[in-house]
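Colleague: Quick one: this structure, given as structure tokens, is what I'll be asking you about.
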Amino acid sequence: MVDFNVQGKVAVVTGGTRGLGLYCAEAFVLNGASAVVISSRKQKACDESKKYLEKLAADNGKTCRVIGIAADVSKESDCNLLFEETSKHFKKVDILVANAGATWGAPIGDHPISAMHKVLALNVVGVFNCIQLFTPLLEEAGTPEDPARVVIMSSVASIVSLDAAGVYGYTASKAGVSHMGKSLALQLGPRNITVNSLAPGYFPTKMANGLIEVAGDILVDTNPRRRLGEKEDIQSAILFLCSKQSNYINGVVLPLDGGTHLAPGARL
Ligand SMILES: NC(=O)c1ccc[n+]([C@@H]2O[C@H](COP(=O)([O-])OP(=O)(O)OC[C@H]3O[C@@H](n4cnc5c(N)ncnc54)[C@H](OP(=O)(O)O)[C@@H]3O)[C@@H](O)[C@H]2O)c1
């Protein structure tokens, strides 16, 4: 039996209060993490999700400390705050999930330049800022047998073009972070930190629900697996990428989309 787990590990999840980030936090809580730090811009959301995760742990007989820190990771000052608050509690961090992200869709003529800046500030600069700050704590945790993990929540939009919704900044940002992750994997691998990216397709969340509603059945009909992504898909992948068994996997962009990236829009 192969037991994928994150036993005793400390994990930080940006944008961990809902959606895919919360799914990751849940997977860590349920599979042995000793502590999970979740962050988002809103203190109320951090408090509510902390309570939810603590109850989840208690209901499942798990002991996991949950800490919620409000921080807007598109701002350098708040990235510093997230790092400083986390380092008050922990001398090492085993897992960083750089998940917080935003999108903007508009026809080319209407797409505000300010929205391009906003999306890139969070989806690229914020991701880099967090990884840069947390590298010393990750290095402290990593060993040759079980390196520390950085997982970037990229998107299938980093692999194939999703131009229908006019998400120009989003596609650029996700292609950018996936590629940045590969460079970081080369540089941080020798320091016992692996860097991988997840590239999800469509998962119903606050961010994606609007588009899923507008697109209707086509997203399911054209998916080779004939469904949207589900919580368990994210949880299985994040657990695998953060468990000891995947210690030799470094620099991958893992599509998590039922195979849509092979032929987007195709009805087979
Ligand atoms: N859902 C999908 O289909 C899909 C597909 C591919 C990739 N992704 C990626 O997955 C990640 C999570 O998306 P999601 O679908 O789970 O979206 P979501 O439900 O909207 O959740 C986004 C999370 O990020 C937080 N957040 C937003 N802006 C932030 C900021 N400036 N600083 C800190 N936290 C911030 C939000 O909390 P607050 O609002 O309280 O800040 C929330 O916790 C994103 O990077 C997204 O691009 C999603």
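The values are calculated or read from the model by the stated rules, or taken from the named source; none is laboratory data. These numbers were taken from a predicted model, which means no experiment stands behind them. We place every Cβ from the backbone using ideal geometry, glycine too, and count neighbours over all the protein chains shown. Protein only, heavy atoms only, side chains kept; ligands, DNA and RNA dropped before computing areas. Shrake-Rupley method; radii C 1.70, N 1.55, O 1.52, S 1.80 Å.
Colleague: Name the residue, out of LEU56, LEU133, LEU122, LEU138, that is surrounded by 15 or more Cβ atoms within 10 Å (Cβ to Cβ) and over 18 Å from the mean Cα position of the chain (by Cα).
Modeller: Of the residues listed, the single one that is surrounded by 15 or more Cβ atoms within 10 Å (Cβ to Cβ) and over 18 Å from the mean Cα position of the chain (by Cα) is LEU56.
Colleague: Quick one: in region 89-104, of everything that is near the ligand (Cβ under 9 Å from one of its atoms) and either in a loop (DSSP other than H, G, I, E, B) or in contact with a His (Cβ under 7 Å, 6 or more places away or on another chain) (or both), which residue is most open to solvent (accessible area, probe 1.4 Å)?
Modeller: THR103
Colleague: Follow-up. Which ones in region 188-214 are β-branched (Val, Ile, Thr), closer than 17 Å to PRO144 by Cβ and without any contact (Cβ under 8 Å) to a residue 60 or more places away in the chain?
Modeller: Passing the criteria: ILE193, THR194.
Colleague: I'd like the residue in region 13-34 that is in contact with a Cys (Cβ under 8 Å, 6 or more places away or on another chain) and hydrophobic (A, V, I, L, M, F, W, C) and, out of all such residues, is farthest from the ligand (Cβ to nearest atom).
Modeller: ALA33
Colleague: Oh, and also: Which one of these does SER39 not meet: (1) farther than 23 Å from GLU230 by Cβ; (2) without any contact (Cβ under 8 Å) to a residue 60 or more places away in the chain?
Modeller: Checking SER39 against (1) farther than 23 Å from GLU230 by Cβ; (2) without any contact (Cβ under 8 Å) to a residue 60 or more places away in the chain, the one that fails is (2).
Colleague: Then there is this: Looking at this structure, is LEU81 of a type in the set (A, V, I, L, M, F, W, C), under 20 Å from GLU232 (Cβ atoms) and part of a helix (DSSP H, G or I)?
Modeller: Judged against the criteria, LEU81 is not a match.
Colleague: State yes or no: is VAL73 assigned to a strand (DSSP E or B), open to solvent by less than 30 Å² (accessible area, probe 1.4 Å) and either at pLDDT 95 or above or under 10 Å from VAL12 (Cα atoms) (or both)?
Modeller: Here the answer is no, as VAL73 does not meet what is asked.
Colleague: Only residues in region 146-165 that are closer than 18 Å to ILE218 by Cβ count as the first member; pair them with residues that are polar (S, T, N, Q) and modelled with pLDDT of 90 or more, Cβ under 7 angstrom, at least 6 apart or cross-chain, and list the lot.
Modeller: VAL156/THR260; ALA157/THR171; SER161/THR171; LEU162/THR171
Colleague: Kindly evaluate ASP3 against the criterion of being out of contact with any strand residue (DSSP E or B) (no Cβ under 8 Å at 6 or more places or on another chain), modelled with pLDDT of 95 or more, farther than 13 Å from ILE95 by Cα and part of a loop (DSSP other than H, G, I, E, B).
Modeller: no
Colleague: Quick check on my filter: what residues within region 25-46 are in contact with a Gly (Cβ under 6 Å, 6 or more places away or on another chain) and surrounded by fewer than 18 Cβ atoms within 10 Å (Cβ to Cβ)?
Modeller: Passing the criteria: only SER34.
Colleague: Return a yes/no flag: does region 215-237 have any residue that is surrounded by fewer than 21 Cβ atoms within 10 Å (Cβ to Cβ), aliphatic (A, V, I, L, M), closer than 30 Å to THR143 by Cβ and touching a residue at least 40 places away in the same chain (Cβ under 8 Å).
Modeller: no
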